[in-house]
Amino acid sequence: MNAHEALTWVVAQAPAPPADPGGQGEDFGKSSPVGLLLLVLFGIAVAFLIRSMTKHLKKLPTSFDEQRAAQAAPARARRAEAAADGAEEAPAEAEPEPAEPGAKGGTGTSG
């Protein structure tokens, strides 16, 4: 074997593997009991969030009628909304008119 062949053989060899191959040792891909505990805790938290969201959604009305909402709002809230809309503009009416019995969303009977 001459020097040229020896040099070619040394250069062509694969480098030695590092001592820690990027965290892929014998425990690579295995989970610990701490991971299982975290998954269980996250599952419980999601269950409580869903339960709370369901309770809040049940409190919502089936439709959002603005006229009925304005009538149900206390006078203080209406004044605050009017002030927020424009401090220089005075509200046209202090109290909204009651809904007609035959109007959509009214409480009267039709017949």
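The values are calculated or read from the model by the stated rules, or taken from the named source; none is laboratory data. Just so it is clear, the structure is predicted and the values come from calculations on it, not from any experiment. We place every Cβ from the backbone using ideal geometry, glycine too, and count neighbours over all the protein chains shown. Note: areas computed on protein heavy atoms with side chains; ligands, DNA, RNA excluded. Shrake-Rupley method; radii C 1.70, N 1.55, O 1.52, S 1.80 Å.
Here is how the numbers come out for the structure above:
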item: Filter result for the condition that a residue is without any contact (Cβ under 8 Å) to a residue 60 or more places away in the chain, within 27 Å of the chain's Cα centre (by Cα) and open to solvent by 100 Å² or more (accessible area, probe 1.4 Å), over LEU38, LEU49, LEU60; result: LEU49
item: Members of the stretch 63-81 found to be among the polar types (S, T, N, Q) and either over 29 Å from the mean Cα position of the chain (by Cα) or surrounded by 10 or more Cβ atoms within 10 Å (Cβ to Cβ) (or both), listed by number; result: GLN67, GLN71
item: Residues that are modelled with pLDDT under 75 and of a type in the set (Gly, Ala, Ser), drawn from the stretch 11-39; result: ALA12, ALA14, ALA16, ALA19, GLY22, GLY23, GLY25, GLY29
item: Residue list for the stretch 22-35, restricted to those being surrounded by 10 or more Cβ atoms within 10 Å (Cβ to Cβ) and not in a helix (DSSP H, G or I); result: SER31
